[in-house]
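What follows is calculated from the coordinates using simple rules that are stated; it is not laboratory data. This one's a predicted model, so the numbers in the text were calculated from it and none came from an experiment. For neighbour counting, all protein chains shown are included, and Cβ atoms are generated from backbone atoms with ideal geometry for every residue, glycine included.
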């Protein structure tokens, strides 16, 4: 239990998707003009990460790793499919996003209309694929840890995008030098937020 | 019409040169930021990353452009992802075979070329509606515009952060305070947030020179 809480806190603050690894920057910059839409996208990302990370964890453990197919037949113990990782992960992610899209359309049409084009675009959000690709480095021991990691990373991304959206709403009223307006100042503000988040780095969990 | 255009007509060259400045993928179109920032702490991974993206984008553009009349509209995203993923697997295996240390350093970011928005963006916006040769040039141009920013950021971050360039010492040892000099590496440049600030400054410089890009 303690272990799970550690992974959770770590993935939200210390290894924040946006500030530590720059994952999902494209939609982070494009959708962060208003707090309400960015919150909707953030929730969708939490949801998709929470599903795809454990699914990909199982896929990697029981299909892709060297010797992972032993449960099918003893003769498969030297089959190594790990070079197929990228294509399998992206296939899982694309189909999960499609599923989420259908569910949201059916049960929450308001949210569906708000998110519009950004819902299908989650499939190409690097935060999602990045979360799955990091599984290999993290070496989680069971699927529970992977789920917690996925959810925590999603919440970290949610916090980051809502934070920058709130700041951008305020920046509207400031007198920024003309060439920096819009994109430039958003980059620099994100850099400063990233420096602030580095303050969590020393924490050992 | 365009069949009779010479291979390097003015229009075609513009496809190559525009992304360098007026429609740079990173500073103007805001595509492909993730990988641009994460790999630029040193020059070498930046260069390798830039070359990988050039290869993947140019080839993916050509393949999708060849297939553009046969792909059903509804499943085009999946088709594009499969083409990109196959190319990225190739690049990944080649990097692992020939420059293993850099490939370790880039870790997950090679895989993330798949979700690099530049590639999807150019496939959607250009390759689906244009001939293979033009698509090839467009892919080269955009990937090069991306690579230029990567290399500029990598250059400054490695020079000021570690005093080296491409792994070679640039700042003489005798300048450092430890050896009785006056100079100290700026540790901040190695940290990831400085990449964002560096890109912000590049945007500032570019838009001061080219005022029609200014947002209001």
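Once label points are set 7 Å from the Cα along Cα→Cβ at both residue A:84 and residue B:97, what is their separation, rounded to one decimal in nm?
In this crude label model, residue A:84 to residue B:97 measures out at 2.1 nm.
If I model a spin label as a point 7 Å beyond the Cα along the Cα-Cβ vector, how far apart are those points for residue A:113 and residue B:131 in nm?
4.5
For chain B, what is the mean residue ellipticity at 222 nm derived from helices alone (per DSSP H run of n ≥ 4: -39500 (n - 2.57); sum divided by total residues; nearest 500 deg cm²/dmol)?
Value at 222 nm, helices only, nearest 500: -19500 deg cm²/dmol.
Where is the GNM fluctuation largest for chain A (alpha-carbon springs, 10 angstrom cutoff): A:72, A:99, A:81?
A:72
Cα convex hull of chain A: mean projected area in nm², to one decimal?
13.6
How far apart, in nm, are two points set 7 Å out from the Cα along the Cα-to-Cβ line at residue A:30 and at residue A:176?
For residue A:30 paired with residue A:176, the spin-label model returns 1.9 nm.
Take the alpha carbon gyration tensor of the protein assembly as shown, find the square roots of its eigenvalues, order them as a ≥ b ≥ c, and report rounded if a/c is under 1.5; if not, report prolate when a/b exceeds b/c, else oblate.
Cα axes put the protein assembly as shown in the rounded bin.
If you take the Cα Rg of the range B:8-148 and divide it by 2.2 N^0.38 Å, with N the number of residues, what do you get?
That ratio works out to 1.01.
Let me have the relative contact order for chain A, percent, based on Cα pairs under 8 Å that are six or more residues apart. Intermediate values should be presented prior to the final figure.
Numbers: 243 pairs, mean separation 84.8, N = 205.
Across chain A, relative contact order equals 41 percent.
Based solely on its DSSP helices, what 222 nm [θ] is calculated for chain A when runs of n ≥ 4 H residues each add -39,500 (n - 2.57) and the sum is averaged over all residues, nearest 500 deg cm²/dmol? It would help to have the intermediate numbers written out before the result.
Numbers: 11 runs with 135 residues, N = 205.
For chain A, the value works out to -20500 deg cm²/dmol.
With springs connecting C-alpha atoms under 10 Å apart, model chain A as a Gaussian network and identify which of A:30, A:166, A:146 has the largest mean-square fluctuation.
Most flexible of the set in this elastic network: A:30.
Identify which of A:91, A:44, A:165 has the largest mean-square fluctuation in a Gaussian network model of chain A, with springs joining Cα atoms closer than 10 Å.
Ranking A:91, A:44, A:165 by mean-square fluctuation puts A:91 first.
Return a whole-number percent for the relative contact order of the range B:21-215, with Cα pairs under 8 Å and 6 or more residues apart as the contact set. All intermediate terms of the calculation are to be shown ahead of the outcome.
Details: 236 pairs, mean separation 65.7, N = 195.
Rounded, it is 34 percent for the range B:21-215.
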